[in-house]
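Structure record follows, encoded as structure tokens.
The values are calculated or read from the model by the stated rules, or taken from the named source; none is laboratory data. This is a predicted model, so every value here is computed, not measured. Positions of Cβ are generated from backbone atoms using ideal geometry, with glycine treated the same way; all protein chains shown enter the neighbour counts.
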Amino acid sequence: MVDIGTESDLLRWIPLLPLLVATYHGISIGLLRRPAPPRVAALLSCAAVLASFVLACIAFRDLLALPDDARLLVDDVYTWIGAGIGSQALSAEVSFQFDPLSAVMTLIVTFVGSMIHIYSIGYMEDDHRDDKGVQRFFCYLNLFTFAMLVLVLSDNLVLMFLGWEGVGLCSYLLIGFWYSDRFNAFCGSKAFIVNRIGDFGFLIGLFLLFGALADLGHPAVSFAGIRAQLDGLLQMSIAVPAWMPFAPDWKLVNVIGLCFFVGACGKSAQIPLYVWLPDAMAGPTPVSALIHAATMVTAGVYMVCRLSFLYAVAPEASAVIAWTGAITALVAATIAIAQNDIKKVLAYSTVSQLGYMFLAAGCGGYTAAIFHLGTHAFFKALLFLGAGAVILAMHHEQDMQKMGGLWRRLRATRWVFLIGVCTIAGFPPLSGFFSKDEILVSAWASQVPGHTWLYGIGLATAGVTAFYMFRLWYLTFCGECRAPAEVRSHIHDPNGFVVNPLRVLAFFSIVAGVAGLPQVWGDLISIEDSNSLANFLKPALAAVEPHAIEHQTELWMAFSAVAIALLGTGAAWLLYLRRPRVPAWLAAHFSVVYRALVNKYYVDEVYDAVFVRPLVALSDRVLYRIVDAGWIDGIGVNGMARSIRAFAANGLKYAQSGLTQSYVFFMIVGAVAIVSYLLDWLR
Amino acid sequence: MLPMDHVIALSAILFTIGVLGVATRRNLIVMLMSIELMLNAVNLAFVGFNRIWSQVEGMPVIDGQIFVLMVIAVAAAEVAVGLGILLSLFRNRDSVNVEEVNLLKW
Amino acid sequence: MTVETILFYVFGILAVVSALGMVLNTRNTVASAMSLVVTMVSLGAIYLLLEAYLVAVIQIMVYGGAIVVLFLFVVMLLNLSTDEFPPGRQRLIKFAFVIAGVVILAQVLIALERDPLLAAQPAAVPNGFGGYRQVAASLYTDYVLLVEMASLLLLAAIVGALILAKRKID
């Protein structure tokens, strides 16, 4: 990992351009009350993100020009927080870094972001709801892009947290975009609150880290600074009570890693903090594509990989991450098979795929996690945008039970959607196959306890993924159209703004696999060093010693992954195309299982009963009624006012009797008192 | 030589009598006269102190007496205006009882 | 016991007695005014004993000759009747006032007792001390601004008194 970077002044413009446009929109809408015309506003925002992409490409080219071991561009803007001195000093700078990991993330964010911006021009124009505000939408989108870019470009944890919070805020704003429907606002709040819980973990981790570094004498919040102190951190531990597991003390790096992972669970929707993501589908589809598929939810994965040097030496924390990821992947996939709303299926699919990424990260395959992050960004954005096109075509119908037979009607959308479905199912040579395979390989090869089980869970999830994705495909595009007659006659492809980004994303879904082609395939087609992504990222990520794997084993694993995907696809074909009455029969006969799946294992209800209701009751009945209204308002504020008024009205006013002589008397008393004081009588 | 502390004591006594007059009597004219008495007591104190510290670095100082002259001037002005007010009051209320002048209240 | 000391005690007691007479006299307002005159004149005499000659004369002329005369004018103009004794309930308040007055007095006397400077005999004064020459010299050189201000004040008082006391023009 590189210590000294090359100065580059253009880094700050990458997040700054979207911010400027967002500010312009904000001022023109909110302050001046004269927003730009919708098309102009949309094009302006798209231009900003595209310009960021161009700048990111330029920076990427500059980065490639540097030798392998010096690939780092830095841009120090200013010192944001400078407090304390010596070993208590906290210095958080606004300063950006562009190393291979940031480069990959930035390129993905800006590229997919621009595709989605362009898509939104077409999508939001068809917006029939009565909330005006296309300009507001693009303002929030640009603000989100700014925050996400700050997150991936920052070189210290504090600035990263700024971006972290910023994306959470924009997620809230965008989910509840059509806020006149209270349900949407509620979903936005749910997302933000659950995110907040994760952020609390992040902050605890940050505080522990900073405190430990201060104890070591060199407090720093920048990644380079923390990395430099890693040896000292490894020696430190926290004492825990005897009844907790692994007593008497826990290694500090494990605790910090777990705390940061809690933040990642919140942001990247892992168990137990994933409940906000399905409800986030209440927002417009481009929002779901951008934030809840391609960028914001990947922030957790990015953070874990950015802190890979920490997790590489915290094996217990990494094990927790791997197992959480695996379990989340499987559980979310099982929920997806029973959902009827097309966006909900995709939401749970996102949770599941994020689980894959964490599985890889926990097993030490950081490169695999980033590879899957990249391919997932493409194909999940493609799927969401495609679903948006379908929804538009069906006049805002989202229930798959009412779709069907769109193959004949949506000529432009059908192929790209099919490509997306096949990619996520993991069929070679599409990119999803390679990235999923890398993850499974890293799970098999890792040192995490029970890693073979992890591999098994990953494999099973791949099968389930293929099943529910093809279920979605068959229900939507194949068979007879189950829509009501008046809708059926109006189904047509959406406009060019909507369709063309889909084509671009489909193209990348196909070819992106080349970037990270695992060596085993490269050998087959005689390419040396085929995994260019891994080579590129190597300076930025920590290396974890895996078990050795032979090429044979890898090929067998790939084969079994494809086999299971075919199995899932076949099952879906059977159940939804050939024998469409079978699913209903299954649902009736295994009703307990079916109801559990449809109701998402009742997790929301459990959370509601265990956490939400008691907390709301506490806040309302105790904290609001008793403490706030009763004590603070009643006794403190109103009580004090009332007592002063009583005192003045019943006592003090008699001092103003109007009688001159009583005034004289008081003057005399005052003079006597002062003279007594001066004569030491009262002292 | 005069006992100077007795001079100051006399001033204090006269002042106290004046205070009692202002605080106790209800007739406005007597109140005004008591105020005059207080001023006179203060004048006496000034002159007495001036007699005690009559030399500063060998030069005689009569600052206290100057001040007494000013006090007399002020007292004269105050009496004139005060009695004018009293006349107006009397014309309005037909009485110089201070308890009837009680509108400055809650 | 020099002559001056005896004279001082005489005039002092006279001043106190007539002051009390002024304050405590509730039957006859003119008599109160007359007592005030006696107090003024005794004080003037005491000033003479304290070698403040010009001040003494001015005291008698201005206070005794002008201010109290003004009081008498008003008293006769208004044709005031006697003051009534306050009702019994207010006696308590009067008592409180008296106590306050005694307290003030006690404080001053105790303060006097503590200060050694006052116990000493004052230095002898040169010739002309307190005479009109010296007063004039000091007044119109060091304190000339004071004179101007005093004249302004008197002007304001004249105008004010005129306006306040004038009958309304119907």
Test B:S34 against the criterion of being within 7 Å of chain C (Cβ to nearest Cβ) and touching a strand residue (DSSP E or B) at 6+ places or on another chain (Cβ under 7 Å), and give yes or no.
-> no
Does any residue in the stretch A:387-412 that is in a loop (DSSP other than H, G, I, E, B) come within less than 6 Å, Cβ to Cβ, of a residue that is of a type in the set (A, V, I, L, M) six or more places away or on a different chain, and which pairs are these?
-> A:H395/A:V487; A:Q398/A:I342; A:Q398/A:I391; A:L410/A:A393
When only residues in the stretch C:1-16 that are more than 10 Å from every other protein chain (Cβ to nearest Cβ) and in a helix (DSSP H, G or I) count, which is farthest from B:S34 (Cα to Cα)?
-> C:V3
Could you please give the count of residues in the stretch A:434-475 that are more than 28 Å from A:A314 (Cα to Cα) and more than 28 Å from the chain's Cα centre (by Cα)?
-> 2
Long-range neighbours under 6 Å by Cβ, at least six apart or interchain, first residue within 11 Å of chain A (Cβ to nearest Cβ) and on the phi > 0 side of the Ramachandran plot within the stretch B:79-106, second surrounded by fewer than 16 Cβ atoms within 10 Å (Cβ to Cβ) and in a helix (DSSP H, G or I) = none
Among the residues of the stretch C:27-48, write down those that are under 18 Å from B:I66 (Cβ atoms) and either touching a Pro at 6+ places or on another chain (Cβ under 7 Å) or within 7 Å of chain B (Cβ to nearest Cβ) (or both).
-> C:L43, C:Y47
Filter result for C:A19 (facing chain B (nearest Cβ under 9 Å), at pLDDT 90 or above and more than 15 Å from B:V47 (Cβ to Cβ)) | yes
Those residues of the stretch C:49-71 which are of a type in the set (A, V, I, L, M) and either within 14 Å of the chain's Cα centre (by Cα) or more than 10 Å from chain B (Cβ to nearest Cβ) (or both) amount to C:V55, C:A56, C:V57, C:I58, C:I60, C:M61, C:V62, C:A66, C:I67, C:V68, C:V69
The lone exception for A:D608 - which of (1) modelled with pLDDT of 85 or more; (2) surrounded by fewer than 12 Cβ atoms within 10 Å (Cβ to Cβ) it fails = (2)
A:T79 vs. criteria free of Cβ contacts under 8 Å to residues at least 60 places away in the same chain and among the β-branched types (V, I, T) | yes
Mind listing just one residue for me: the one in the stretch A:624-683 that is aromatic (F, W, Y) and part of a helix (DSSP H, G or I) and, of those, surrounded by the most Cβ atoms within 10 Å (Cβ to Cβ)?
-> A:F665
Some residue of the stretch A:258-277 being under 28 Å from A:I337 (Cβ atoms), surrounded by fewer than 24 Cβ atoms within 10 Å (Cβ to Cβ) and of a type in the set (V, I, T) = yes
Residue check for B:I52: touching a residue at least 40 places away in the same chain (Cβ under 8 Å), over 15 Å from the mean Cα position of the chain (by Cα) and either surrounded by fewer than 24 Cβ atoms within 10 Å (Cβ to Cβ) or within 7 Å of chain C (Cβ to nearest Cβ) (or both) | yes
Residue satisfying condition, being part of a helix (DSSP H, G or I), modelled with pLDDT under 85, in the same structural domain as A:G163 (by TED's automatic domain parsing) and not small (G, A, S), within set A:R39, A:R12 | A:R39
